[in-house]
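Report on the structure given below.
The values are calculated or read from the model by the stated rules, or taken from the named source; none is laboratory data. All values reported here derive from a predicted model rather than from experimental measurement. Note that we place each Cβ from the backbone using ideal geometry, even for glycine, and neighbour counts take in every protein chain shown. Areas reflect the complete protein model, heavy atoms only, side chains present, ligands, DNA and RNA absent. Shrake-Rupley method; radii C 1.70, N 1.55, O 1.52, S 1.80 Å.
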Amino acid sequence: MTSTPPFAVFSCDLDTIDRHLQGYGIEDLPACDRIYRTAVPRLLDLLKELGVPGVFFFIARDANSEAPLLRQMVAAGHEVASHSMTHPQPFRTLGDAALAEEVDVSRTRLSAASGAEVIGFRAPGWDVDDRVLARIAAAGYRYDASIFPTPVLIASRLSAYRRSANKGSIFSMDLIGHAFATAVPHRLGAATNGFVEFPISVTRWLRLPVYHTFQYFVPPRLFARGVRALLRSGRPVCYEFHAADLLDLAGDDIDPRMDRHPGMRLPLEQKRAMLRDTLATITRERRVVTYRQALEERLAA
Ligand SMILES: [Zn+2]
């Protein structure tokens with residue numbers, strides 16, 4: 001462990017509606033900017049209310065059209081990171097040229113559009129292996145945040161598979177490799193230039209996810225117990241959520257096929273309270289920073 005006080009990072013994946021639906025096998029939808037106009041302002045308000053920064057993983061396809069929003073995030077103290085160019089799934093099986101486009105070009109586009117150098121990457125569906133991680137490091141990123149070290153991921157993939165219209169992709173992911181990977185921030189080996197992996201948080205022994213979407217599947221008391229156990233353990237907290245966690249299916253006029261997505265049948269105010277409560281609980285006990293700050297201040301050594 002480090003001698004510095006433990007920190008927390010709040011990260012949000014800005015998956016658009018069309019990309020979420022593509023993940024369920026519903027292809028060829030036009031690009032949808034609904035989350036940028038509805039969910040993202042709510043997220044920015046919530047982080048402002050809590051007085052903490054966040055890390056926004058952005059799909060670089062939309063970097064130019066959303067440049068004002070990117071710059072607004074940076075000006076407010078948030079970090080912009082890459083969530084690939086077009087969010088293709090499965091990600092790990094892309095060929096070399098396509099992988100380089102998703103990883104390298106997304107970084108340059110988001111850096112230019114946001115006015116701040118992008119140093120972080122999270123793969124669509126957390127689907128990374130050694131080859132993908134080596135590409136990410138070679139592209140100039142300083143960290144990856146795609147490892148989700150929990151056996152629950154296997155169950156969650158099976159559940160998503162059942163809800164998917166396209167039964168092609170689930171078993172392409174290295175689920176077993178993820179499940180037992182190192183669960184705290186760590187440097188990766190020489191092949192990746194020693195850059196840092198920030199895994200999604202899990203509890204120490206059972207490796208229960210301390211990940212927002214998990215809240216939609218388990219009793220609130222069980223989830224709260226996991227959050228408390230993680231805070232007590234002194235481990236860093238890397239808490240991930242999605243823009244869709246502050247979307248209202250009916251109120252925001254969202255494609256009704258999004259009803260299969262976790263949490264989409266809950267009213268917005270209930271979802272907002274769930275997210276606010278968890279972030280506030282973590283904020284009371286931890287110094288909340290961005291991944292960039294954690295690296296710069298060597299909090300993750
Ligand atoms: Zn995503």
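Assorted remarks:
- Residue list for region 167-182, restricted to those being crowded, with 20+ Cβ neighbours inside 10 Å and at pLDDT 70 or above: HIS178
- Selection status of ALA113, out of contact with any Phe, Trp or Tyr (no Cβ under 6 Å at 6 or more places or on another chain), farther than 22 Å from ILE254 by Cα and open to solvent by 20 Å² or more (accessible area, probe 1.4 Å): no
- Checking the stated criteria, ALA123 turns out not to satisfy the condition of being small (Gly, Ala, Ser), in contact (Cβ under 8 Å) with a residue 60 or more places away in the chain and either open to solvent by less than 10 Å² (accessible area, probe 1.4 Å) or in contact with a Lys or Arg (Cβ under 7 Å, 6 or more places away or on another chain) (or both).
- Of the residues making up region 125-145, one or more are at pLDDT 85 or above, in contact with a His (Cβ under 9 Å, 6 or more places away or on another chain), within 16 Å of the ligand (Cβ to nearest atom) and part of a helix (DSSP H, G or I).
- Subset of region 54-80 [aliphatic (A, V, I, L, M) and within 12 Å of the ligand (Cβ to nearest atom)]: ILE59
- Residue tally, condition surrounded by 15 or more Cβ atoms within 10 Å (Cβ to Cβ) and more than 16 Å from the ligand (Cβ to nearest atom), over region 225-250: 11
- GLY23 vs. criteria open to solvent by 10 Å² or more (accessible area, probe 1.4 Å), within 12 Å of the ligand (Cβ to nearest atom) and either modelled with pLDDT under 95 or small (Gly, Ala, Ser) (or both): yes
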